Amino acid sequence: MTEQGSNPSDPQGSNNENPWQQPQQPGNPGYGSAPYGSSGYGSAPYGSNPYQQTPPPGQPIQPVYSQGCLSAAWSDITATPGWGGKLCILGLLECVPILNFVVAGYGLRWSREVPFGVKAPMPNNYISGKNFELGFYQFLISLVFGLVSAAISGFLGFLPVLGGLIGLAVTFFASMFIELLSMRMAMMQSLGEGFSIGKAWTVMQRNWSSLLIIVLVPSLIVGLIVFVIAVIGVLLMGAGGVGAALTATSGTLAPAAAMALLSSFSLFFIIVLFVSAFCQGTVEILMLRATAHWVARYAPEWVNESWRAAGWRA
């Protein structure tokens with residue numbers, strides 16, 4: 001085998017500005033071929049199949065995974081030493097406009113290793129040119145599919161019920177395409193691959209329900225958390241407002257009560273902003289990592305395509 005390119009798997013993720021590294025095994029090493037502990041934590045075979053079902057004669061064996069894609073992704077996150085602190089840093093970066101592109105890029109660079117059978121902890125390098133580039137590419141993919149989805153939903157808006165249902169379905173499918181094509185873009189290192197709708201549609205049909213769960217469940221959980229925090233905050237501020245109104249009747253204490261109420265509003269706004277950003281950053285990393293597990297299971301041919309795109313040939 002002759003080397004003509006570089007390794008698209010980038011096992012070290014964003015720890016290295018150069019995403020192309022010398023591969024250990026050119027070609028498709030297969031999902032789960034690298035040892036779980038190759039990066040220094042864990043010892044179980046990565047992606048190993050704990051058991052197989054014996055199919056009827058003439059039918060291929062279908063692998064049975066001990067974890068779903070979301071569970072596997074969350075296990076990868078929590079297996080990283082200091083994972084909570086890393087997610088907090090990513091949450092803070094999510095609060096900064098433009099700079100928040102690096103969060104998506106970070107997730108893409110860390111997650112694209114999975115289809116190549118590599119498993120490493122979350123890297124320490126958060127802000128880099130490559131992370132920003134991949135995050136910006138994902139933003140462009142999201143923008144295009146978001147505009148198309150909004151246009152279709154708006155066009156069908158004149159239908160009272162059916163239009164809303166179709167618009168909701170289109171939004172979900174757009175989100176699935178965004179996640180899947182963003183991962184393909186990261187694997188191929190090409191923005192153009194992020195719009196390979198036909199290839200994404202081909203593999204999506206193999207298990208679209210699992211991909212829908214990856215997109216839907218984390219978003220619902222985050223929405224519920226933010227909603228609960230908002231309700232609690234409104235109740236507390238309402239109680240504070242009543243107290244301030246009662247205190248204001250004394251006259252001299254009215255300015256102090258107003259300042260205290262204003263301070264409580266500001267503090268609550270900061271808390272909600274940080275919690276929302278933390279949840280958004282966590283969900284983004286979780287969804288990208290889960291999508292990488294999905295690609296490893298249902299689109300293994302993308303690995304070979306990525307090797308060829310990098311310049312490897314047999």
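Arrange the peptides 151-164, 210-223 so that the one whose residues have, on average, the most other Cβ atoms within 10 Å appears first.
In descending order of packing, they fall as 210-223, 151-164.
If a paramagnetic tag sat 7 Å from the Cα of residue 283 along the Cα-Cβ line, which residues of region 108-147 would have the backbone N under 17 Å from that point?
139, 142-143, 146
Using each residue's phi in region 282-293, evaluate 6.51 cos²θ - 1.76 cosθ + 1.60 at θ = phi - 60° and report the 3J(HN,Hα) Karplus result to the nearest Hz, with x for Gly and Pro.
Computed from phi, the couplings for region 282-293 are 5, 5, 4, 5, 4, 5, 5, 5, 5, 4, 4, 5 Hz.
What order do you get for 293-301, 183-191 when each peptide is scored by the mean count of other beta carbon atoms within 10 Å, highest first?
Top to bottom by mean Cβ count within 10 Å: 183-191, 293-301.
Could you check the simple spin-label distance between residue 209 and residue 309, using points 7 Å along Cα→Cβ, in nm with one decimal?
Each label point lies 7 Å from its Cα, and together they span 3.0 nm.
Readers should treat all values here as calculations from the given coordinates under stated rules, not as data from a laboratory. Values in this document were obtained by computation on a predicted structure and should not be read as measured data. Using ideal geometry, Cβ is built from the backbone for each residue, glycine included, and neighbour counts are taken over all protein chains shown.
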